[in-house]
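Below is one structure, written out as structure tokens; comments come after it.
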Amino acid sequence: MIAEIIKKIEEYETIIIHRHESPDPDALGSQGGLAELVKTNYPHKSVLVTGEDEPSLAFLGEMDGVHDRLYEQALVIVCDTANTERISDQRYTNGNYLIKIDHHPNEEPYGDLVWVDTNASSTSEMIVRLYEQAKEEQKWELSEVAAYLLYAGIVGDTGRFRFTNTTPRTFAAAATLLTKEIDTTELYTKMYTKPLRLVRFQGDVLQQFELTEVGAGYGYITQKQLKERDVTITESSAVVNAVADIEGIKAWVFFVENEDGTYRVRLRSKAPVINDIAMEHNGGGHALAAGAKAADFEETEQIIAQLQAKCS
Ligand SMILES: [Mn+2]
């Protein structure tokens, strides 16, 4: 499979690389990392990256403006994207040949060539594997920029090598990348930095967070708190994971107050299944991470009682 992909890369003079919408470090890292690899090893080829800009991750590279006519003779590669609907820049079908490279479940095997490995921590890890093979057979070289981007992708999808998707192959890939000079301190600062107003906001919310004796946690995020600290509802979601390491916590819920007095409900768990609670309250999701709605304060109290029962 990897050999086939390398062959296609060698065949085409124009290569356009896509990834998913609302990109994360793995989407941008695998996209940009692959682009840099091809540029380094085939300097005469025209290699372009496309998709919407993500200002908060601008340190992982800028997109190219790709003219429509460039697609006619192009090899198109889509990284880190399970479904065609989520591909950023829907012109991906306009190319001459299409390759999918991804580590999510292969729900939609689009493309002329599909390389999906759900055991890979990240698409960036897969690109490192592609590089390793091309290094053996085609004498590819790895630039510092490519190493930086791919490392960022692996770090992002493994939560700095903490998540269970981290395998010996992940560390082998990281080791390969670290043979290049990567300023990991600087990278982590850029990836995990947050504005002071958001930290203060988290402080406000955590002060009010409650944990019951059976390990059920609950907290409220009010409109007043959001406005006081100038925090958007999307930004506020970071606080939901901030309580995960509290000693004794089994499952928890945050209620985010909407302008109209209703609540968005965010449920998380370490073991008890909680998406059935979400389903009872106009929501759903995964067994250990779900979302719902509460019409008023009374309904939030019902949800806390249900969560309490789950943890008992
Ligand atoms: Mn990914």
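The values are calculated or read from the model by the stated rules, or taken from the named source; none is laboratory data. Since the structure is predicted, the reported quantities are computational estimates derived from the model, not experimental observations. Don't worry about glycine lacking a Cβ; one is built from the backbone with ideal geometry, like all the others, and counts go over all protein chains shown.
Has region 84-94 got any residue that is modelled with pLDDT under 95 and either within 15 Å of the ligand (Cβ to nearest atom) or under 14 Å from PRO23 (Cβ atoms) (or both)? Within region 84-94, one or more residues are modelled with pLDDT under 95 and either within 15 Å of the ligand (Cβ to nearest atom) or under 14 Å from PRO23 (Cβ atoms) (or both).
Of the residues making up region 289-312, those that are touching a Lys or Arg at 6+ places or on another chain (Cβ under 7 Å) and hydrophobic (A, V, I, L, M, F, W, C) number 2.
Tell me, please, whether a residue that is assigned to a loop (DSSP other than H, G, I, E, B), modelled with pLDDT of 95 or more, within 18 Å of the chain's Cα centre (by Cα) and within 13 Å of GLN31 (Cα to Cα) can be found in region 106-124. Yes, region 106-124 contains at least one residue that is assigned to a loop (DSSP other than H, G, I, E, B), modelled with pLDDT of 95 or more, within 18 Å of the chain's Cα centre (by Cα) and within 13 Å of GLN31 (Cα to Cα). Just one of the listed residues (SER22, SER30, SER121) is among the hydroxyl-bearing types (Ser, Thr, Tyr), within 13 Å of the ligand (Cβ to nearest atom), touching a residue at least 24 places away in the same chain (Cβ under 8 Å) and surrounded by fewer than 24 Cβ atoms within 10 Å (Cβ to Cβ), namely SER22.
From the list ALA134, ALA147, ALA120, ALA172, the lone residue that is under 21 Å from GLU62 (Cα atoms) and in the same structural domain as GLU62 (by TED's automatic domain parsing) is ALA147.
The set of residues in region 77-118 that are at positive phi and buried (at least 24 other Cβ atoms within 10 Å of the Cβ) contains only ASP80. Among the conditions (1) of a type outside the set (Gly, Ala, Ser); (2) surrounded by 15 or more Cβ atoms within 10 Å (Cβ to Cβ); (3) within 16 Å of the ligand (Cβ to nearest atom), GLN225 misses just one, which is (3). Test each condition in (1) surrounded by fewer than 17 Cβ atoms within 10 Å (Cβ to Cβ); (2) β-branched (Val, Ile, Thr); (3) touching a residue at least 12 places away in the same chain (Cβ under 8 Å) for VAL239 and report the one that comes out false. Going through the list (1) surrounded by fewer than 17 Cβ atoms within 10 Å (Cβ to Cβ); (2) β-branched (Val, Ile, Thr); (3) touching a residue at least 12 places away in the same chain (Cβ under 8 Å), VAL239 breaks only (1). Among the residues of region 33-60, those identified as assigned to a loop (DSSP other than H, G, I, E, B) and either in contact with a Cys (Cβ under 8 Å, 6 or more places away or on another chain) or within 16 Å of the ligand (Cβ to nearest atom) (or both) are GLY51, GLU54. Restricting GLY248, GLY215, GLY261 to those that are surrounded by 13 or more Cβ atoms within 10 Å (Cβ to Cβ) and either touching a residue at least 12 places away in the same chain (Cβ under 8 Å) or in contact with a Lys or Arg (Cβ under 7 Å, 6 or more places away or on another chain) (or both) reduces the list to GLY215. With respect to ILE154, determine if the residue is under 23 Å from the mean Cα position of the chain (by Cα), over 15 Å from LYS8 (Cβ atoms) and either in contact (Cβ under 8 Å) with a residue 24 or more places away in the chain or assigned to a helix (DSSP H, G or I) (or both). Answer is yes for this residue. Among residues that are more than 16 Å from the ligand (Cβ to nearest atom) and assigned to a loop (DSSP other than H, G, I, E, B), GLU181 is included.
So, of the residues in region 1-19 that are assigned to a loop (DSSP other than H, G, I, E, B) and farther than 13 Å from GLN133 by Cβ, which turns out to be nearest to the ligand (Cβ to nearest atom)? That would be ARG19.
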